[in-house]
Amino acid sequence: MQTTQGASSSTPSTTVPEEAKSALSFRVVLAAVFAAVVMMPVAVWMPLIGGGAAGLGFTTILLFAYIARNYGNPLTKQEIQLMNATISVAGFSVFFAGFIQNTYFSNSPEAHMFGITDYIPNWWVPSNPAIRNQVIRTFFVSDWLLPISISIATGVVLSNLISLSLGFLVYQLYVVEEKLPFPFARVEAETSVTLGEREPRKLRAMLLGFLICFIYSILAYGLPLVGGALGLSFSLIPVPYIDLTKAIEPILPGAVFGFATYPFTIFSGFVVPITSIIWLVIGSLAIWVFGNTIVVTYFRSTLFPEWTLGFSLTLNWQRSLLYVWASAAIGFGLAVAVVQFTVGRKAFARAVRSLSSLSKVARAEGMFPLWAIAAMYLGGTAAWLGLVIWLLPGFPAWPFVFLIVVWPFLSTIINARAVGEQGYGLPSIPLRETLYIASMEGVGIPTFSNLGVGVWFAPLPPSSETWSSQFYAARYVGLRIGDVVKSLLLVALPLSLIMSFIYVSTIWSFGPIPSQAYPYAQITWPIGVIQSALWITRSGTAFKSILINPGTPPILEGAFAVSLLLYLAARVLHLPFSLVGLAGGIGIIPPDAFAILTGYILYALLCRKFGKSFVDTYKWPAYAGIFIGYGVSNALSIALTTLVKSIWIAPY
């Protein structure tokens, strides 16, 4: 928790207007339809050939803002905010694409190599050999009814029921009661404010950010993407990192070292509180530089035997996280939860009381009462738990009870706190993997069996901090929260399901995926199978905890104790400290931490030159311009790449 507010983040105005405005208009629905029809093919295709379609939603917003303004009825800031949230789901949530990747997994050479193909359940991918071999490439066969039904029931219906209930709770806790800054949600909100109110100076700041990021993104991402379509391989700016790991290896062996080149990472230093930045850097260096060096130098044989000279930044990062720091991540996360429920107990109690008896303003916003939130969460988790137990009869129920009923609540409380305070969530941890392995070893379930393999494909609820960010942005611009819920669940979600079904089915019908026509999937999908299969077929546990795995170093307990002691010492001595920032150091490796710190240094220099008040006013629209510049450059690069790939030499 943060005991002082950093200089780089002014306190946001989160006061709700007397009447939050409704913005679920025909224009918002039309923008969602446009995104689903026009942008969805790009969202399906780009992850297969080029890695992603991030930022393209802003092109739709700019188009509709331009049209509305020319017709004399400009979009309001509330409409723009709602449009941004809606098209992000309607145009870029590709639900059915996952089934193709599952199909590849079930019959991939990598899965055969690990010997798990015969045990992959038919409720995840149909057991029909013609489907698994991708001879039949359509969803219009009865074999797909069970996998699709289970995925819709869990990934669409129950997932949204659970995440929405937790979203209301953490919104009341962190936005209304604790008033956390939510820096990146505020950037989205400021984008809507700037485009909606069109204040000239803010528009110029947005244009400056747009131009900087547009030019940078064309050089870093656009030219290599188009060049790759022409058969040219080059990179003007290393992406995503400048890897300096090998350069410092003689001094600091095993250290993760470099500099991030992603523009958002650098400029996030303008909006993340300085206390969080300092402790992010301290935590990142302590873990990934000095911690890794100590592990490699003194404990290599027991903690990191795989390490060897020449490991790249990525290998040092991924493998040390798996073998060493995943345990510390859980310890830090548990410390954040303990502090939240002890030191923050009064705020939590106020949030519960407020939800128990909603005010007139809260009801006008569209908030749900506490009884409805509890019913949604308990009903959703109970139904999910019953379904998973039905799918895996004979498997111990206790890991499912924890992962489905308990962990979504805890992880949302922890991650929403991190996102609200510093913008970055805490790193994902292999908790599921460890619980599965421990439970199978406890009751003697063979690794190569229907239960031993099938359990790894059981659906589980995700963390639910996204709704709180959406609600923060809505509150900031004076938009009804009820409109956000209705537009996402009743407009965007059905559109994304329908259009992703149509476009994914169409593209899959052209030929098997992956193939030479889809080079990115051809590289990344086999790697994903190998990473999953290593867990499915491994023995033992990655966690270093005397409670979970006796005889191993107590890294989990040590991280928990150290983080609590630091927090208590800071409170006693009245020192600025961010427990969330320190914990986030595991998820933010030094290249990213250095980039964020560089952004803050630029911010401080600009404050010295132009004044803090001036910079704090215009940094938000400038950052918004960076998002838009990235999106427009992506749109242009993808269009050119598509054009180049559609041209071939005629045979005459």
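A few notes on this one:
- Here the dipole of the chain is about 1220 debye; that uses its Cα centre as origin and unit charges on the Cβ of Lys and Arg (positive) and Asp and Glu (negative).
- The length gained by stretching the chain between N73 and R204 to full extension, at 0.36 nm per residue less their Cα-Cα distance, is 45.0 nm.
- Anisotropy class of region 388-456 from Cα gyration tensor, a/c 1.5 cut: prolate
- For R608 and V343, a Förster radius of 25 Å and the Cβ-Cβ distance give a FRET efficiency of 0.10, rounded to the nearest 0.05.
- Gain on full stretching of the segment that runs from R353 to T598 - 0.36 nm per residue minus C-alpha separation: 84.0 nm
- Accessible area in the full protein assembly, largest first, 1.4 Å probe, for K609, K21, K619: K609, K21, K619
- Loop-located chymotrypsin sites (Phe, Trp or Tyr not before Pro) across region 421-493 with a Cβ neighbour count of 15 or fewer within 10 Å are F448, with loop assigned by DSSP.
- The apolar share of the surface of region 490-531, taken as the fraction of accessible area on carbon and sulfur atoms (1.4 Å probe, ligands and nucleic acids excluded), comes to 73 percent.
- Label-point separation in nm, L490 to T506, each point 7 Å along Cα→Cβ: 2.9
- Rounded if a/c under 1.5, otherwise prolate or oblate - region 546-630, Cα gyration tensor axes: prolate
- Portion, in percent, of the accessible area of region 240-366 that falls on carbon or sulfur, probe 1.4 Å: 69
- Within-14-Å neighbourhood charge of P621 [Cβ basis; K, R +1; D, E -1]: +2
- When shorter helices are ignored and each DSSP H run of at least 4 residues is given -39500 (n - 2.57), the per-residue value for the chain at 222 nm works out to -18500 deg cm²/dmol.
- T293 exposes around 20 Å² of accessible area when a 1.4 Å probe is run over every protein chain in place.
- Dimensions of region 156-225 along the principal axes, based on C-alpha atoms and rounded to the nearest Å, stand at 42, 34, 20, largest first.
- If you sort the three axes of the alpha carbon gyration tensor as a ≥ b ≥ c, you get a/c of 1.5 or more for region 397-510 and a/b no higher than b/c, which makes it oblate.
- Selection among G98, Y503, I481 by position relative to the dipole of the chain gives I481 as farthest towards the positive end (Cβ unit charges, Cα centre).
- Counted as membrane-span-like here are DSSP H helices of the chain whose alpha-carbon atoms extend 30 Å or more along the helix's own axis and whose Kyte-Doolittle mean is -0.5 or above; these are 370-391, 612-645.
- Positive-end residue of P126, F264, M113, charge dipole of the chain with Cβ unit charges: F264
- With a simple spin-label model that places each label point 7 Å from the Cα along the Cα-to-Cβ direction, the separation between A286 and H112 comes to 5.0 nm.
- Counting only Cβ charges, +1 for Lys and Arg and -1 for Asp and Glu, the dipole size of region 352-482 around its Cα centre is about 580 debye.
- Mean projection area, nm², convex hull over Cα of the chain: 30.9
- Using the 1.4 Å probe convention, the accessible area of the chain works out to 42 Å² per residue with neighbouring protein chains retained.
The values are calculated or read from the model by the stated rules, or taken from the named source; none is laboratory data. If you're wondering where the values come from, they're calculated on a predicted model, not measured in any experiment. Because the Cβ atoms are built from the backbone with ideal geometry, glycine has one as well, and the counts that use them run over all protein chains shown. Surface accessibility is based on the protein's heavy atoms, side chains included, excluding ligands, DNA and RNA. Shrake-Rupley method; radii C 1.70, N 1.55, O 1.52, S 1.80 Å.
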